[in-house]
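The values are calculated or read from the model by the stated rules, or taken from the named source; none is laboratory data. No experiment lies behind these values; they were computed from the predicted model shown. Positions of Cβ are backbone-derived with ideal geometry, glycine not excepted, and every protein chain shown enters the neighbour counts.
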Amino acid sequence: MLKVSNVYKSFDGKEVLKDVTFEIRKGEVVAIIGPSGSGKSTLLRCINLLERIDKGAIVVNGNVMVRTSDSGKAVYENDKTLRKIRLNLGLVFQNFNLFPHFSVLRNITEAPIHVAGMTRSEANKIAFELLEKMGLSDKKDAYPHQLSGGQSQRVAIARALALKPEVLFLDEPTSALDPELTIEVLKVIKKLAAEKMTMAVVTHEMNFAKEVADRIIFMDRGQIIEEGTPKMLFENPLNERTRAFIRGFNN
Amino acid sequence: MSLFIRLCQGMLVSLEIFFLTLLFSLPLGMLVALGSMSGKKLIKKPIRIYILIMRGTPLILQLVFVLYAPFYLFGINLNRFTAAIIAFVLNYAAYMSEIYRAGIESIPIGQYEAASVLGFTKFQTFFRIVLPQVVKRILPPVSNEVITLIKDTALVQVVGISELFRVAQNEASRVFSTNPLFIAGIFYFVMNWLVTKVFHSMEERLSYYR
């Protein structure tokens, strides 16, 4: 489904991703954990084309977005191709980034109509279904400033899902929320996991990762240190850094 | 009564300059703003210099310059009214562009990122996501400029156009009283009161979101 191979990325000479290689399979939920500044968010941003990598390859469903030329530099497909491939990917941000001038409904339907070319009634139908699933049917005409953080994030998830992406990425989806609102957002993500939605979640919610993820990736200083099932990683980490990180959380 | 009619005629000239200036400077200002934010130095530099000159020299001088420079440089005679409009448009587009630029730069980067992730093109992102939010944010400073423009129209008399204030001055010396000037002041005030009303209602209409 998604293949990331040997990705390198640096900002102003500082390497933030070093030889990152991993894969996400269909129907799988992957949690990416690790200390702040370990490159987790940058990795998601690179996959979603918000940052450009220096070296490596990213392939979505067999479609190459970026590969490395013989001279060792990343070569991207043209913008049009990239936009088409990107529609297979959805990204949910830490701070929602809803469009404040659109109602909840229009936040969800704008891209399906004007990017995917759906009719308004098709887009509305999908939006209503998603709002129902998010428990927000009564909020369709509200504006983002009238929503709580938890509601905003659920609208943002619905907005990303409306384009029917094959993989949904969530970048610390609950980090801007207080514990009570975190629960309602995590509930929605669990629901999606139960429906076999392919997801990659950057998170600091260790219990959530343990409970929902099929696989956990631990990153530190721009590298994937260790990956495995939650059981393996939490109960029997192989690497010293993983062990220290998880010990820190258990205390 | 004839005083009133003559002042009204002067006001029509002022209003003509006002509306034509807005008609051209509002869109031109946007192009200038986009150019001044361009990544290409070849576009950005000259535009920055243009803004610097327009904001750095008196409008009254620019009026005189636009009227006479084409004649001395190229032998072209510009009609007074056309020259006045060109000078006003160039001057106001520079001020507007800075307001637009501030508005565009105040839109959080997250809005662009969300749009990009949803597959919007740059064009769609600007017109569907960014511009509507910019309009709301810049209404107060734009209303400032528009109000100033109403009063600045009085400057066109230096190139020999009889607008409201010029007519009032002529009347004042004819009847040997300052009353026509004060009445002209009331005219300006009423026009700006209307401008304020219009902007207020636009702000109100956009207050459905934050």
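Yes or no, residue by residue, for (1) within 10 Å of another protein chain (Cβ to nearest Cβ); (2) farther than 23 Å from residue B:198 by Cβ; (3) touching a residue at least 60 places away in the same chain (Cβ under 8 Å); (4) in a helix (DSSP H, G or I):
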| site | (1), (2), (3), (4) |
| --- | --- |
| B:96 | no, no, yes, yes |
| B:99 | no, no, yes, yes |
| B:111 | yes, yes, no, yes |
| B:120 | yes, yes, no, no |
| B:126 | no, yes, no, yes |
| B:138 | no, no, no, yes |
For the range B:183-203, check the following and say yes or no: at least one residue is more than 13 Å from residue B:13 (Cβ to Cβ), over 16 Å from the mean Cα position of the chain (by Cα) and not in a helix (DSSP H, G or I). no
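Results for (1) part of a helix (DSSP H, G or I); (2) in contact with a helix residue (DSSP H, G or I) (Cβ under 8 Å, 6 or more places away or on another chain); (3) free of Cβ contacts under 8 Å to residues at least 40 places away in the same chain; (4) farther than 22 Å from residue B:123 by Cβ, shown as yes or no for each residue.
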| residue | (1), (2), (3), (4) |
| --- | --- |
| B:10 | yes, yes, no, yes |
| B:39 | no, no, yes, no |
| B:48 | yes, yes, yes, yes |
| B:61 | yes, no, yes, yes |
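Being crowded, with 20+ Cβ neighbours inside 10 Å and among the hydrophobic types (A, V, I, L, M, F, W, C) is the filter; apply it to the range A:104-113 and report the residue that is nearest to residue A:193 (Cα to Cα). Before you say what the answer is, go through the steps one by one.
The initial filter retains those residues of the range A:104-113 that are crowded, with 20+ Cβ neighbours inside 10 Å, namely A:104, A:107-112.
Adding the requirement that they be among the hydrophobic types (A, V, I, L, M, F, W, C) leaves A:104, A:108, A:111.
Values: A:104: 24, A:108: 21, A:111: 24 Å.
Here the residue is A:108.
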Considering residues of the range A:65-76 that are in a strand (DSSP E or B) and in contact (Cβ under 8 Å) with a residue 12 or more places away in the chain only, the residue surrounded by the fewest Cβ atoms within 10 Å (Cβ to Cβ): A:76
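The rows are residues; the columns are (1) under 30 Å from residue A:79 (Cβ atoms); (2) touching an Asp or Glu at 6+ places or on another chain (Cβ under 9 Å); (3) loosely packed, with under 12 Cβ neighbours inside 10 Å.
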| residue | (1), (2), (3) |
| --- | --- |
| B:49 | no, no, yes |
| B:67 | no, no, no |
| B:76 | no, no, yes |
| B:83 | no, no, no |
| B:86 | no, no, no |
| B:95 | no, yes, no |
| B:105 | yes, no, yes |
| B:127 | yes, no, no |
Tell me which residues, restricted to the range A:114-130, are in a helix (DSSP H, G or I) and either more than 12 Å from chain B (Cβ to nearest Cβ) or buried (at least 18 other Cβ atoms within 10 Å of the Cβ) (or both). A:120, A:121, A:122, A:123, A:124, A:125, A:126, A:127, A:128, A:129, A:130
Of all residues making up the range A:76-114, the number that are within 26 Å of residue A:201 (Cβ to Cβ), of a type in the set (D, E, K, R) and at pLDDT 95 or above: 1
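Residues are listed down the side, and each one gets a yes or a no for (1) under 27 Å from the mean Cα position of the chain (by Cα); (2) modelled with pLDDT of 95 or more; (3) within 16 Å of residue B:159 (Cα to Cα):
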| residue | (1), (2), (3) |
| --- | --- |
| B:75 | no, no, no |
| B:78 | yes, no, yes |
| B:123 | yes, yes, no |
| B:129 | yes, yes, no |
Within the range A:228-236, is there a residue that is under 20 Å from residue A:32 (Cα atoms), among the hydrophobic types (A, V, I, L, M, F, W, C) and in contact (Cβ under 8 Å) with a residue 24 or more places away in the chain? yes
Considering residues that are in a helix (DSSP H, G or I) and either touching a residue at least 12 places away in the same chain (Cβ under 8 Å) or charged (D, E, K, R) (or both), the number found within the range A:82-113 is 14
Out of the range A:20-64, which residues are farther than 22 Å from residue A:174 by Cα, within 14 Å of another protein chain (Cβ to nearest Cβ) and not in a loop (DSSP other than H, G, I, E, B)? A:60
If a residue has to be closer than 30 Å to residue A:165 by Cα and among the acidic types (Asp, Glu) to count, how many in the range B:93-134 make the cut? 1
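Could you say which residue among A:187, A:210 is touching a Pro at 6+ places or on another chain (Cβ under 6 Å), more than 14 Å from every other protein chain (Cβ to nearest Cβ) and modelled with pLDDT under 95? Working first, answer last.
On the way: A:187 fails: touching a Pro at 6+ places or on another chain (Cβ under 6 Å).
Result of the check over A:187, A:210: A:210.
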When residues of the range A:131-150 are limited to those that are of a type in the set (Gly, Ala, Ser) and more than 14 Å from chain B (Cβ to nearest Cβ), the one farthest from residue B:125 (Cα to Cα): A:135
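Residue by residue through the range A:233-242, note down the ones that are loosely packed, with under 15 Cβ neighbours inside 10 Å and either within 25 Å of the chain's Cα centre (by Cα) or not hydrophobic (A, V, I, L, M, F, W, C) (or both).
Step one: list which residues in the range A:233-242 are loosely packed, with under 15 Cβ neighbours inside 10 Å, which gives A:235-236, A:238-240.
Correct list: A:235, A:236, A:239, A:240.
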Of all residues making up the range B:153-172, the number that are at pLDDT 95 or above and loosely packed, with under 13 Cβ neighbours inside 10 Å: 0
